[in-house]
Amino acid sequence: VCVFFFSRVLECQGLPIVNGQCDPYATVTLAGPSSEAKKTKVKKKTNNPHFDEVFYFEVTRPSSYNKKSHFDIEDVDEVDKMEIRVDLWNASNLKFGDEFLGELRLPLKFLRQSSSYEAWYFLQPRDNGNKSLKPDDLGSLRLNVVYTEDHVFSSDYYSPLRDLLLKSADVEPVSASAAHILGEVCREKQEAAIPLVRLFLHYGRIVPFISAIANAEVKRTQKLFISRDPNTIFRGNSLTSKCIDETMKLAGMHYLQVTLKPIIDEICQVHKPCEIDPVKLKDGENLENNRENLRQYVDRIFTVITKSGVSCPTVMCDIFFSLRESAAKRFQGDLDVRYTAVSSFIFLRFFAPAILSPNLFQLTPHHPDPQTSRTLTLISKTIQTLGSLSKSKSANFKESYMATFYDYFNEQKYADAVKNFLDLISSSGRRDHKSIEQPILLKEGFMIKRAQGRKRFGMKNFKKRWFRLTNHEFTYQKSKGDHPLCSIPIENILAVERLEEESFKMKNMFQVIQPERRVLYIQANNCVEAKDWIDILTKVSQCNKKRLTVYHPSAYLNGHWLCCKATADNTPGCTPCTGGLPANIQLDIDGDRETERIYSLFNLYMPKLEKMQEACGSKSVYDGPEEEEYSTFIIDDPKETYKTLKLIIEGVGTLEQEHAQYKRDKFKKTKYGSQEHPIGDKSFQTYIRQQSEISAHSI
């Protein structure tokens, strides 16, 4: 008796990516008296592999065959006890071997019911066989898991709700907007902030939205006479602070990598002793040596942070500019508030947490060991205090040993470095005529410039001038303090690029390109100074809408461009602009998925939306003391808020109907075992059970 099987492994979809890569392969085993695994080819760099490989198996009586791929059985009925097992693996170079991705098991008894069988399956976790363990053998674990499953429609389904959300920044007051209402009804502000920030980032509306809710928060503070202390604004867990936190995590991840990762890696690998608490010193450690080790680490991290302003993402800079403006208008008598409003985010909620827990910010793969964790804690505390710019720094520390250690940093140069850094990351090249801020000086110094617009060139056209850059304009004059001879508004800087040495036989030159093909050629004192000027000029001008994408790396001399030999002086550039800075990292965000997530939240908190509607009605007709159940909502304009709530509830209701119809159609029209409903799909099984219960009830 010979029973013949062949198994064709076709394809997989959505395999997990392990350590940033997925090189999958499959093994196919016919589990019987003796098992042999057959292996597909490894498919490199894909989590949707197409294998399309066939494997053959035969099951025979003992006297007939005794070869590989043939399994001996005493009784044909034993075939029903056998199964085909397919295991998916990720080919890894790690010393621990390949990673198991999942498996599926197909009993031959089930396959014998038809001559050919093809279906999609969900991969399952590895089966431990018959091995049983007592609960006491492994201990116990308490776990809280939140599972979310979103069915995302095409964009047109979400248009009404998405448009309502995206215009939130323009609604007056902003508390009547759909986005702000989401923050009001969600149990945790973070729950609302995550999809809102991702949606607004995707559509380029995050800066106006955060500016609007930050201004509203400051006005509310002023109106209620809360927080007369400037150092406490934006410190609570408000929608504003949570949205800024989430924006920094998304937009600032690359910024953290280039700024902190090299030195964090060194700290984790070298394990220098840095304990400065005399009580916790280990045998053989020297307190002074430990302090010096810690001081050097703090100094290096402080320096890389305060020198990193040109790398700060544009979206973060624009948000910090808005915070600075709001705080300065609210506390006009406090000159430091423009700094503390920004430092409370960039130092307290960005750099300090990243140093303290680098694994949470993708700076390290694992949580550091106890000694390294202690070192990072001490560094984080010091950096946080340095960035706070508070006047009585020693009072910030509960521990006397930290106050003693901080004496190393009680120098004005540290405060000046923090202020210069905060000035740069909170400046904006966009002119705001309503701004009460004076122009912020970013850089100045002597350089040599070539006269603009001359037809005849010679050394007499190169002159030494005093250059001055603010967040509003780039100027030069004969000497420091003189009236400017030339002023270039920041919005007129279209590109800042290096100039090849062959142009004028001069080193360390760069060019500032302006409208109407005007170019200012400048020579810095050295290559470091040239790079600093290029970086900071690029930084303040990178939001200009008319920035160039191409430029000429050489000058136009003797009737042609030296770089591309083109003869027309208005020929477009021949080389892509460098941009100078990785300030805007593209984020992989699906706007429709985020809108679906927001719909799910509105749907989940529908009772609160309805309660908020009642609160609007109560406020509109009754001016007496507010009912306690309504006091949790911020409602500045009951009528506008009610209108928005009505639109939200209508939009959510429409989407809910679409989802219900989609589920009915999906389960009716698709087959169990198809790609839409792989075998093992619990949602399909639940739907079938629910339909059976409904049918039984109706009968």
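Some observations on this one:
- Given (1) within 19 Å of PRO353 (Cα to Cα); (2) surrounded by 14 or more Cβ atoms within 10 Å (Cβ to Cβ), number of the condition GLU275 does not satisfy: (1)
- Qualifying position, being modelled with pLDDT of 85 or more and of a type outside the set (S, T, N, Q), among VAL540, VAL528: VAL528
- ILE194 being within 23 Å of ALA341 (Cα to Cα), touching a residue at least 40 places away in the same chain (Cβ under 8 Å) and open to solvent by 30 Å² or more (accessible area, probe 1.4 Å): yes
Okay, residues lined up against (1) among the acidic types (Asp, Glu); (2) assigned by the TED database to the domain that holds LEU376; (3) assigned to a loop (DSSP other than H, G, I, E, B):
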{"residue": "GLU266", "(1), (2), (3)": "yes, no, no"}
{"residue": "LYS282", "(1), (2), (3)": "no, yes, yes"}
{"residue": "ASN290", "(1), (2), (3)": "no, yes, no"}
{"residue": "GLN296", "(1), (2), (3)": "no, yes, no"}
{"residue": "ILE301", "(1), (2), (3)": "no, yes, no"}
{"residue": "VAL310", "(1), (2), (3)": "no, yes, no"}
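- Whichever residue in segment 374-392 is small (Gly, Ala, Ser) and under 24 Å from the mean Cα position of the chain (by Cα) and, among such residues, is nearest to ARG295 (Cα to Cα): SER380
- Within segment 466-512, considering residues that are touching an Asp or Glu at 6+ places or on another chain (Cβ under 8 Å), in a strand (DSSP E or B) and more than 17 Å from PHE446 (Cβ to Cβ), the one most open to solvent (accessible area, probe 1.4 Å): SER487
- Some residue of segment 326-349 being open to solvent by 30 Å² or more (accessible area, probe 1.4 Å), closer than 17 Å to SER380 by Cβ, at pLDDT 85 or above and part of a helix (DSSP H, G or I): yes
The values are calculated or read from the model by the stated rules, or taken from the named source; none is laboratory data. As the structure is a computational prediction, the values presented were derived from the model and not from experiment. Glycine gets a Cβ as well: all are built from the backbone with ideal geometry, and neighbour counts include every protein chain shown. Just so you know, the surface numbers come from the protein's heavy atoms only, side chains and all, with ligands and any DNA or RNA stripped out. Shrake-Rupley method; radii C 1.70, N 1.55, O 1.52, S 1.80 Å.
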